[in-house]
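*Asks:* Below you'll find the structure I mean.
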Amino acid sequence: MPRRRIDGSTDLGDPMDQAPGSPPGPQDAQSPPTCYRHPDRETGIRCTRCERPICPECMVSASVGFQCPDCVRNGSGTGHAPGATTPRTLAGGTITADPRLLTKILIGLNVAAYVLQLSIGDNFTQRFELIGSAYYQGLGSVEGVAEGQWYRLLTSMFLHGSLMHIIFNMLSLWWIGGPLEAALGRARYLALYVVAGLAGSALTYLIEAPNQPSLGASGAIFGLFGATAVLMRRLNYDMRPILALLVINLIFTFGMSNIAWQAHIGGLVAGVVIGYAMVHAPRERRSLVQYGVCGVVLVAVVVMTLIRTGQLL
């Protein structure tokens, strides 16, 4: 999963045969209840109207507690006609039929970029990897962010240095990104991924030697790690699994010489900040707070980039 320098649907399960408003089905007394739409997912949350157990993907914020999609869709007890209220995720996003679609697209983009790297060779990688300022003999010119190529902060997030590099990153993106996309909604998830990745790139550009290239999706993926930890804390889930996974990755980050730790730390900090805004923003001005915090982090990205560019020119 590490970002390397280079030198050399959930398918929505069929609901249980229960009508909205009916009491939950019997549960094993020795095990936690499971979501009525996703029987493989344990949960401690119940719909405040029909009392059926619901997982984070199915939770729709209400004035008091959470409701299940069926109660919201049917206007159960709200006085509104069915369909008047759009089901929302925990963070206020729209619930979709394929909650992992954007994650699949991001994985596809990373794989496509890696195929281009293999097909075209170093010239392709050198045109889009993150570099402060360096002369590329193959390109015959000085390249880098300091030369006005700010796009490298973004494009480097989709490049990888080896087959194992992309495999680890894409497995992490699938395992962490899919559930997070379902909890946040597509627009908020995409904002988190891109801004966290840019924060990792900007911190790398600020601290790393100007002629040291860097690439990989791990800045963005560490941002997803940070946001997932915040979300699990918000839902009072057991934090030990995500913290153990994060510690293991940080050990690799600082224990191996070919990893750009700046990207990991920058992405992680941005992910925690944005994730907190996503799941704790007050309902009445939720979108303003969520996207406003993303904007603040982007301003920090621009400031770091301008500072480093001024140092190198």
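*Asks:* Going through the stretch 87-186, which chymotrypsin sites (Phe, Trp or Tyr not before Pro) have at most 12 other Cβ atoms within 10 Å and a DSSP loop state?
*Replies:* For chymotrypsin sites (Phe, Trp or Tyr not before Pro) across the stretch 87-186 that sit outside H, G, I, E and B with at most 12 neighbouring Cβ atoms in 10 Å, the list reads Y151.
*Asks:* Rounded, prolate or oblate: pick one for the stretch 115-192, where a ≥ b ≥ c are the square roots of the eigenvalues of its C-alpha gyration tensor, a/c under 1.5 means rounded, and failing that, prolate if a/b is larger than b/c, else oblate.
*Replies:* Values: a/c = 3.58, a/b = 1.79, b/c = 2.00.
Verdict is oblate for the stretch 115-192.
*Asks:* What does the extension gain come out to for V142 and L154, with contour length at 0.36 nm per residue minus their alpha carbon separation?
*Replies:* Details: separation 12, 0.36 × 12 = 4.32 nm, distance 1.91 nm.
Going from the current span to full extension adds 2.4 nm.
*Asks:* R186: net charge of surrounding residues, Cβ under 12 Å, Lys/Arg +1, Asp/Glu -1, itself excluded?
*Replies:* The answer is +1.
*Asks:* Between R46 and residues 5 or more places away or on another chain, which pairs have amide H atoms under 5 Å apart, with H built 1.01 Å from N, and which residues are they?
*Replies:* So R46 has HN proximity to I54.
*Asks:* Something else about it: By count of other Cβ within 10 Å, fewest leading, how are L206, L154 ordered?
*Replies:* Listing L206, L154 from fewest to most nearby Cβ atoms yields L154, L206.
Computed from the coordinates by the stated procedures, all read-outs in this text should not be read as laboratory data. Note that the coordinates shown come from a computational prediction; the quantities given were computed from them, not determined experimentally. All Cβ positions, even for glycine, are placed from backbone atoms using ideal geometry, and neighbour counts span all protein chains on display.
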